[in-house]
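Here's the structure, in C-alpha cells; my notes come after.
The values are calculated or read from the model by the stated rules, or taken from the named source; none is laboratory data. On a predicted model such as this, the values are computed, not experimentally measured, just so you know. No Cβ is skipped: glycine too gets one built from the backbone with ideal geometry, and neighbour counts run over all protein chains shown.
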Amino acid sequence: MMSLGLQTAFHEITLVLFTTLAPSGALGLVVVAGVVAFSGIDVFERKRVNKFLVLPLAISMVGLVASATHLGTPANALYVFTGVGRSPLSNEVFAAVVFLMLSGLYWLYSFARRPKRMLQNVWLGLIMVTGLIFIGTIAFAYNSHTIIAWNTPYIPLNLALNALVGGPLIALLTLQLARIDLIKGVMGKSLCLVSAVALIANTTSISLQNSDLGMIANEVTSLPEVVPYYWIVMLAFFILSAGGIVLFARPVFRGTKLKLPVSIAACSLVLVGIFLTRFSFYAMHLTSGL
Amino acid sequence: MMACKDYHDLPSSISYRQIYEYTGGTWQKDEKGVWENDCFSYYVSVSCNHCVQPECVQVCPTGAMHKDDEGFVSVNSERCIGCGYCAFACPYKAPKVDRKKGQSAKCDGCKDRVMEDLVPICVEACPLRALDFDKIDALSTQYGILAQIPPLPDSNETIPNLVITEPKHCVRPGGPDGSVANYHEIV
C-alpha cells in the first residue's frame, strides 16, 4: 500500500512543488506588500523593495506554472473558470490568477516614471487581501467529503501554517535584497519569531494528525499502512525548517551582517522541509471506498 | 471486464470495470483438536454507478465531468484538462487518468448501445448473467435496494444507481473482518 501512495505522490510531483512554493511565496509577497504600504520606509527604499518584489512573485508563479504542467490537456484550461463557486480547484485557480495578475501588474507599474503613491497603496492592499484568499483556496483545494484522508481540519491547517513558516523568511530575503535596514530591528526579529512559532504549531499539528491516522481507513487499507513514515517526515520537516530559521535568525538577533548565500540557504532548507510534508500529503490520498 | 476493455479499446493500464475479491476469516482449533474455520470469499464487480450525487462531477473544475439528461456520468473531452481530481474524489475508483490521452476516462454506461436499446457490453458479455442493466426503479423492484456491501463505501455518500444481491458469504456487522485480497490486480 505504501508503494501505491508513493506512486501517487510521484505522479503529482508538480503539484507537490506548487503547494510548496505558492503558499510561502504568496505570504512572503503579502508581508512585503504590507511593509511597502504601511512601514513608512522612504521613497528610495520603496523603489528598491518594489523592484525585488519580483522574488516572492516569481516563487508563487513558478509554483503555478509547475502545476499547469501536470495537466494532460492544458488547451482546455480556460474552462476552469466555469467551475468557480462549485469546484474548490476552480476557486483556487481563479484566486491564483487574480492575485498573480494584480501583483505582476503592480510590479510593472512600479517602474513607471512617477507612480502614484496613493494608487500603489490601494493596489498593495488588494494584493494583501487576494494573497490571503489565494492561500485559503489552496488550503481547501481538495476539500471533498469522499477523500477521507484529506477531509480533516489538519490538512488546511498544515498548509496555512506551512505558509507562515516559509512566507516570513521569503519576505526577509526580499527585504534583505532591497537593503531595508528595518529588518535589523523589531521587524526582522518579529518575522523570525512568526516563522518559529508557526513551525512549532505545524509540527504539533502534524504530530496530532499522525496519532489520528489510524482512525482513517476504508475496506482496502488504512493511513498507517499508506504513510507509515509520516513521523519521519514530521521530524525532517522540523529539523530542516528549524535549521533554516536559525540560520536567518542568528544575524538578525545578533545584529550582525546578513549574508545573501546564508539567507538563500535558510529559505531553501525551510522549503525542502515543506516539500516533504506536501509530498506525504499526496502520498496519503485515500477515499472512503476503493 | 475483458469485454469492456475490448469494446472500448482500452490499454492494459486502464480498466473501467474491476473485480474485487473480498475475503477473510480464520482457522481455529477447538478443545477436542478439531479445526474449524469461518473463512469466506466473494467477488464484487465494480464500475461507475452513475451516482445521483456524483462527487466527480461536483469537484471537476471545468464541468467536463457531467451527468447528462439520461443520467449517465461521462467526460466531455472538449473540456477535460486531465487534472485528475475526479479520480481522486470517486470512492468507487471509476474515473481514471489516461496519461497518454491527457484526459480522464471512465465508463460511459455504453450510452451508444443503450440508445439503440441494447444493454452495456459488460452486461451482455457476463456468462453467468450476474450483471443486469435497466432503470434503477425497475432494478430495485426486481432485486431490492441494497447498494453497499464491503468493500464498497457507504451508499449515502454519492447515492449510486446500483443494487446488489447480497452474496451468500457477505460480511454482516459483527462477522469476521475481511479485506480486498487482489488489490494489486486493480488498475
So B:PRO160 fits all but one of (1) within 14 Å of another protein chain (Cβ to nearest Cβ); (2) touching a Ser or Thr at 6+ places or on another chain (Cβ under 6 Å); what number is the exception?
-> (2)
Among the candidates B:ILE164, B:ILE145, which residue alone is closer than 21 Å to B:TYR42 by Cβ, out of contact with any strand residue (DSSP E or B) (no Cβ under 6 Å at 6 or more places or on another chain) and surrounded by 14 or more Cβ atoms within 10 Å (Cβ to Cβ)?
-> B:ILE164
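Taking the condition in a loop (DSSP other than H, G, I, E, B) and either closer than 24 Å to A:HIS145 by Cα or among the acidic types (Asp, Glu) (or both), does B:VAL57 pass?
Details: in a loop (DSSP other than H, G, I, E, B): no; either closer than 24 Å to A:HIS145 by Cα or among the acidic types (Asp, Glu) (or both): yes.
Taking the combined requirement at face value, the residue does not satisfy it.
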Only one of (1) farther than 24 Å from B:CYS83 by Cβ; (2) modelled with pLDDT of 95 or more does not apply to A:SER39, and that is (2)
More than 13 Å from every other protein chain (Cβ to nearest Cβ), assigned to a loop (DSSP other than H, G, I, E, B) and under 27 Å from A:SER222 (Cα atoms): does that describe B:GLU166?
-> yes
So, of the residues in the stretch A:97-148 that are within 12 Å of another protein chain (Cβ to nearest Cβ) and hydrophobic (A, V, I, L, M, F, W, C), which turns out to be surrounded by the fewest Cβ atoms within 10 Å (Cβ to Cβ)?
-> A:PHE140
Only one of (1) farther than 30 Å from A:GLY83 by Cβ; (2) within 13 Å of another protein chain (Cβ to nearest Cβ) is not met by B:ASP134, so which one is it?
-> (2)
Quick one: would you say A:SER3 is in contact with a Leu (Cβ under 7 Å, 6 or more places away or on another chain), surrounded by fewer than 19 Cβ atoms within 10 Å (Cβ to Cβ) and modelled with pLDDT under 95?
-> no
Selection from the stretch A:250-290 of residues that are at pLDDT 95 or above, more than 30 Å from B:PRO150 (Cβ to Cβ) and among the small types (Gly, Ala, Ser) | A:SER263, A:ALA265, A:ALA266, A:SER268, A:GLY273
Give me the pairs, please: first residue somewhere in the stretch A:257-271 and free of Cβ contacts under 8 Å to residues at least 40 places away in the same chain and more than 15 Å from A:GLY167 (Cβ to Cβ), second residue anywhere and among the charged types (D, E, K, R) and surrounded by 14 or more Cβ atoms within 10 Å (Cβ to Cβ), beta-carbon distance under 9 Å, and either six or more positions apart or on two chains.
-> A:VAL262/A:ARG250
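Quick check, is B:LEU146 more than 14 Å from chain A (Cβ to nearest Cβ) and without any contact (Cβ under 8 Å) to a residue 40 or more places away in the chain?
Against the criterion (more than 14 Å from chain A (Cβ to nearest Cβ) and without any contact (Cβ under 8 Å) to a residue 40 or more places away in the chain), B:LEU146 qualifies.
Conditions (1) closer than 30 Å to A:ILE13 by Cβ; (2) in a loop (DSSP other than H, G, I, E, B); (3) in contact (Cβ under 8 Å) with a residue 12 or more places away in the chain; (4) out of contact with any strand residue (DSSP E or B) (no Cβ under 6 Å at 6 or more places or on another chain), marked per residue:
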position: B:ILE81; (1), (2), (3), (4): yes, yes, yes, yes
position: B:CYS86; (1), (2), (3), (4): yes, no, yes, no
position: B:LYS93; (1), (2), (3), (4): yes, yes, yes, yes
position: B:LYS101; (1), (2), (3), (4): yes, yes, yes, yes
position: B:SER104; (1), (2), (3), (4): yes, no, yes, no
position: B:GLY109; (1), (2), (3), (4): no, yes, yes, yes
position: B:ASP112; (1), (2), (3), (4): no, no, no, yes
position: B:ASP117; (1), (2), (3), (4): no, yes, no, yes
Given (1) out of contact with any strand residue (DSSP E or B) (no Cβ under 6 Å at 6 or more places or on another chain); (2) away from chain A (no Cβ under 12 Å); (3) in contact (Cβ under 8 Å) with a residue 12 or more places away in the chain, number of the condition B:GLY25 does not satisfy | (1)
Going by the conditions given, is B:SER77 assigned to a loop (DSSP other than H, G, I, E, B), more than 7 Å from chain A (Cβ to nearest Cβ) and either in contact with a strand residue (DSSP E or B) (Cβ under 6 Å, 6 or more places away or on another chain) or among the aliphatic types (A, V, I, L, M) (or both)?
-> yes
